[in-house]
Structures are given as structure tokens and as C-alpha cells.
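Encoded as C-alpha cells, the structure appears first; notes follow it.
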Amino acid sequence: MLKVILYFNKKVREAIANGAPLTRILRLPVREDIARMKIVPYDKIKDTVEDVMRKIDEQITSLVKSQKVVVV
């Protein structure tokens, strides 16, 4: 779970540095997925981590594109 939180933090910082508004980032649905990870059974954690990280990429990329901002 920590890996996902740190990954989200990295992507958020990149997006903000390139002009994405924090208010829009805080409304991303993936934040709820991250919070729900604490109740995921141990045997499903690997798949969940991969899925949530993919969602982070998709949602932040979509947000950045809608803001016409480039994330490095």
C-alpha cells in the first residue's frame, strides 16, 4: 500500500508542477481506491496494487490532458 501512496504522491507532484489544479486532483476517484486498499485480502494485494497504479496513471493523465498540461 505504501508503494501506491508514494507513486500517487510522485504523480501528483509532477502534475501540480506542470499546472494541474490541486482541487481537481483531490476529486480523483482513485483516491478512494487507495483508501480501500487497507481492506484487500493479502492474496489479492499484488493485483490490486497493479490495478490502482494503472488507475492513477489513467486518471492523472486524463486530468493533465484536460488542462492541456504536459507531465514529464
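A few remarks follow.
- For mean projected area of the Cα convex hull in nm², calculated from these coordinates, the label among (i) 7.9; (ii) 4.4; (iii) 8.3: (ii)
- Gaussian network model of the chain, Cα within-10 Å springs - most flexible of 43, 51, 33: 43
- 0 to 90° range, to nearest 10: angle between helix 2-17 axis and the chain longest Cα axis: 10
- Annotation for residue 6 and residue 42: the two label points, set 7 Å from Cα along the Cα-Cβ direction, are 2.2 nm apart.
- Computed from Cα positions, the angle between helix 45-66 and the longest principal axis of the chain comes to roughly 10 degrees.
- Going by neighbour counts of Cβ atoms within 10 Å, the residues 48, 23 line up, fewest first, as 23, 48.
Bear in mind these aren't lab numbers, they're just calculated from the coordinates by the rules spelled out. What you see is a predicted model; the values in this text were computed from it and never measured. Glycine gets a Cβ as well: all are built from the backbone with ideal geometry, and neighbour counts include every protein chain shown.
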